[in-house]
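J.: Structure below; questions to follow.
The values are calculated or read from the model by the stated rules, or taken from the named source; none is laboratory data. Predicted model, so just to flag it, every value in this text is computed and none were measured. Reconstructed Cβ throughout: ideal geometry from the backbone, glycine too, with neighbour counts over all protein chains shown. The area values use the complete protein model at the heavy-atom level, side chains included, leaving out ligands, DNA and RNA. Shrake-Rupley method; radii C 1.70, N 1.55, O 1.52, S 1.80 Å.
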Amino acid sequence: MAELATIARPYAEALFETCRGDLPATQGWLDAIAAAADTPQLLQFAANPKVGAANVFRLLTSVLPQPLPERGANFLRTVIENDRLAALPEVARQFRDLANAQNGRSDARIYSAFPIAPGELADLKAVLEKRFGRQLETQVQVDPELIGGVRVVVGDEVLDTSVKARLQQMKSALTA
């Protein structure tokens, strides 16, 4: 993974520098091409030496929900020509991190044992923003193994209030 991160960094930084005025739109099309490029079939197709860069570009852009702006098309061509298609998901992640840092935001992944209603999510988000001291972009993922409660991951910080974590703590305390 470190290799992909190293490969992706200059692409993410260059794109960030050229798109500072339009970060949300850039993040939108970048996420779209990263999701499309994250399929094994496309990567296998692109790795075929008989397939040219133009064919890979046409195939990739044909599966996107919206046409790419000129800047996006040029970026994608550069990535394909440099054989860095596999790094696109990491480029999108690093770009998001750069944009979040500029705006004082962070991504927060919330793992919950059960689906969270929109009103409850808004309340939870407000509490988490106060706890972490910054605005959060939340994504919820259901994980029944937690039994109850939530586990929140913001960057390298983890807040685990799940029943599973508490049972693990009790187990450790009883066996110590």
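J.: What is the spin-label model distance, in nm, from Leu159 to Gln141 if the labels are put 7 Å beyond Cα along the C-beta direction?
T.: 1.9
J.: Now a separate question. Taking every alpha carbon pair in the stretch 1-144, what does the distance histogram look like in 5 angstrom bins from 0, in percent?
T.: P(r) for the stretch 1-144, in whole percents per bin: 2, 9, 17, 18, 16, 15, 11, 8, 4, 1, 0.
J.: Between the stretch 1-78 and the stretch 94-131, what is the C-alpha centre distance in whole Å?
T.: Taking the Cα centre of each part, the stretch 1-78 and the stretch 94-131 sit 26 Å apart.
J.: Still on this structure, please answer the following. In the stretch 135-176, with Lys and Arg counted as +1 and Asp and Glu as -1 at Cβ, which of these residues, Ser162, Val140, Ala173, has the Cα nearest the positive end of the dipole, that is, farthest along it?
T.: Farthest towards the positive end: Ala173.
J.: If you average 1/r over every pair of different alpha-carbon atoms in the stretch 69-176 and take one over that average, what Kirkwood value in Å do you get?
T.: It works out to 16.4 Å.
J.: With the other protein chains left in place, how much accessible area per residue, in square angstrom, belongs to the chain at a 1.4 angstrom probe?
T.: 62
J.: On to the next question. How much mean residue ellipticity at 222 nm does the chain get from its helices, if each DSSP H run of length 4 or more adds -39500 (n - 2.57) and you divide by all residues, to the nearest 500 deg cm²/dmol?
T.: It lands at -19000 deg cm²/dmol.
J.: Whenever you get a sec, compute what percent of the accessible area on the chain sits on carbon and sulfur atoms (1.4 Å probe). If you can, show how the numbers build up before the last one.
T.: Details: 5850 of 10850 Å².
Percent of accessible area from carbon and sulfur atoms in the chain: 54.
J.: Hey, another quick one. Given that compact globular proteins tend to follow 2.2 N^0.38 Å, what is the ratio of the alpha-carbon Rg of the stretch 62-106 to that value?
T.: Dividing the Cα Rg of the stretch 62-106 by 2.2 N^0.38 Å gives 1.34.
J.: Here's something else I'd like to know. Two decimals is fine: what's Rg over Rh for the stretch 81-130, C-alpha atoms, Kirkwood radius as Rh? Don't skip to the answer; put the middle values down first.
T.: On the way: Rg = 15.7 Å, Rh = 13.5 Å.
My calculation of the ratio gives 1.16.
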